Structures are given as C-alpha cells and as structure tokens.
Ligand code: 0X9
Ligand code: ZN
C-alpha cells in the first residue's frame, strides 16, 4: 500500500500529517484546531516557504463524511508540497497554505466501519435516535435558510443551533482567527466536496444573488476550471452555488466569504455520476493532479492581485 492507491483511515491521515518534517525549503506547522464529538483530532497544517509570506489559501476537506476523494486529495497536495517544493514554486512562492484534510473524522470513520453513505457528524440529538447534523448547514450565515431541515433524521439537518457541532466550531474558530490575524492575509478558501465537477461561487444561499466582486470570482473560477480541464480533460462547471446547484443556508462557503475571505469556493470533485461518492482509488491521483492545476491558477491570483 502506498498513500494514494487506497483511502487512508483517519488515524493514518493523522499519522501522515504529523510526521511531515520541515526542511530548509518548507516549514510545516501542525496544529490541533479542535476535537470531534467522539474525541478525534481535527488537525490543520500550515505550509510556508518564506517567513515573510502573508497571503494565504485555506483548504478544508471531508466536511461531509462520504466524500472520501476530498481528504485524499488534500493529503496528496500536502505531500507534493513537502516532498518537492522546488517543483511547485509557482504555487508556494509568496503564498502560505492552511490545510485541514479531515473536518469530520467521526463521520468518515463511520463510513469505513458501518455505513459508506454517511454524510453528517455523529453527535447525539436530544429527543431523537438519529445521530448527527449536516455540518454544511451548521455555519452562522443564513443558518436555517434554503436547503436545510429541522428534522434530526434528515441528511440536511441544520443542527440545534449554528455551530452546535465541535467540528464546525473548530473550523469556524480557525477561519475567524486567520481572518482577524493582522499578519495573515487569507485570500482564498477552497472547501473540498464531492461529487459533480463543480466550482461553486458565492452566494450559495439563494439563487440570483451575487457579491459585489462576483466578476472577479467568476473570472477566477473560469480560469481555474480551464486549467483543470487541461490536465485530464475533466469538465467542470462554475457559477454561484445556488444557481448551478441549489440554495443552501449555513454552508461554509458563504460563511468564508462573509468572514472576509475574498475567494470562497466549494469545489465539487470527481466524478460526474458514474461512481459518485464511491470513487475508485485509482482516480485519487488524477483528481488531485487536476485540482493542483486549478490551485495553481488560484495561487497566481492570490499572489498577484492588489
Ligand atoms: O449540499 C452541499 O452541502 C454541497 N453539495 S454536497 O453534494 N457535497 O453535499 C453543496 C454546497 C454548495 N454551497 C452552497 N449552495 N452554499
Ligand atoms: Zn459535500
């Protein structure tokens, strides 16, 4: 077994992240940003090639338990950066990366041990025998809006209140901390989901609403998916999350934008509809390679714009 020809378990991902050494070329800083309901670590990795970098890109993965390709892609990107930083100067020069490969470890492990199609967290709901809420309905922006449910057994249950989950609280605290740090300038937030091959822009809470800088969002999205398609000819679609897919209140993408991160994107990875969430592991590396091409375009924008 090599790291990306199968889907690592949460403990393997943790072990992988925590054993990456800093080198003369790249500094790796690992931080536990929270603990899941069942007590697993939620871990962020910062990768930096220069102490004077300030612009940053935030990436998270596996907010949804069954979307395994997302954490596999995140760890592949980390591995590429730490093992061959010289090959990725165009991504690493002037830009720091803040990567959380596994936001929902309880749900992910539940997929491995009991129910491959689990989506939510695994917390107990008062008065219900159904566990968990949809972490991507649990953020404090348009909480309880379109595409959410108040029924604990629903797969889109929004939770008892915004940030009711330790997993979303950990991510939210991290976003707020980075956004408020005067030494950090996070310009892009990519939240990795699957599937559908979509590059989803704000606003996602309802159709037909756009932030003032939507033209910038769209031009970057179009450039990113064009670069992505150049690798393995995988076709993505971009547009607002609500226009292209459906409106969602309390999602992390809009919350990132609301928190002041200019480019906030939900990336719905492979595939289109053949395997869906159960993407064969031989697609991990091709998926990651094309995402890296899109990330290169994002990094250039983050580095170069005013
Ligand atoms: O429904 C979701 O949370 C996302 N799709 S998924 O199949 N990965 O569950 C889409 C969220 C897009 N964002 C917004 N519409 N705000
Ligand atoms: Zn998802």
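The figures follow:
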{"quantity": "Residues (surrounded by fewer than 24 Cβ atoms within 10 Å (Cβ to Cβ) and either assigned to a strand (DSSP E or B) or within 16 Å of ligand 2 (Cβ to nearest atom) (or both)) located in the stretch 194-207", "calculated": "195, 196, 197, 198"}
{"quantity": "The stretch 208-241: number of residues that are out of contact with any strand residue (DSSP E or B) (no Cβ under 7 Å at 6 or more places or on another chain) and either buried (at least 24 other Cβ atoms within 10 Å of the Cβ) or modelled with pLDDT under 95 (or both)", "calculated": "1"}
{"quantity": "Criterion (in contact with a strand residue (DSSP E or B) (Cβ under 8 Å, 6 or more places away or on another chain) and surrounded by 22 or more Cβ atoms within 10 Å (Cβ to Cβ)) met by exactly one of 106, 134", "calculated": "134"}
{"quantity": "Test: residue in the stretch 173-182 that is at pLDDT 95 or above, more than 14 Å from ligand 2 (Cβ to nearest atom), within 17 Å of the chain's Cα centre (by Cα) and more than 23 Å from residue 298 (Cβ to Cβ)", "calculated": "yes"}
{"quantity": "So residue 200, is it in contact with a strand residue (DSSP E or B) (Cβ under 8 Å, 6 or more places away or on another chain) and within 13 Å of ligand 1 (Cβ to nearest atom)", "calculated": "yes"}
{"quantity": "In the stretch 102-121, the residues that are in contact (Cβ under 8 Å) with a residue 24 or more places away in the chain and away from ligand 2 (no atom under 16 Å from the Cβ)", "calculated": "109, 112"}
{"quantity": "Unique residue being in contact (Cβ under 8 Å) with a residue 40 or more places away in the chain, closer than 21 Å to residue 96 by Cα and within 14 Å of ligand 1 (Cβ to nearest atom) when the list is 238, 266", "calculated": "266"}
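The values are calculated or read from the model by the stated rules, or taken from the named source; none is laboratory data. These numbers were taken from a predicted model, which means no experiment stands behind them. All Cβ positions, even for glycine, are placed from backbone atoms using ideal geometry, and neighbour counts span all protein chains on display.
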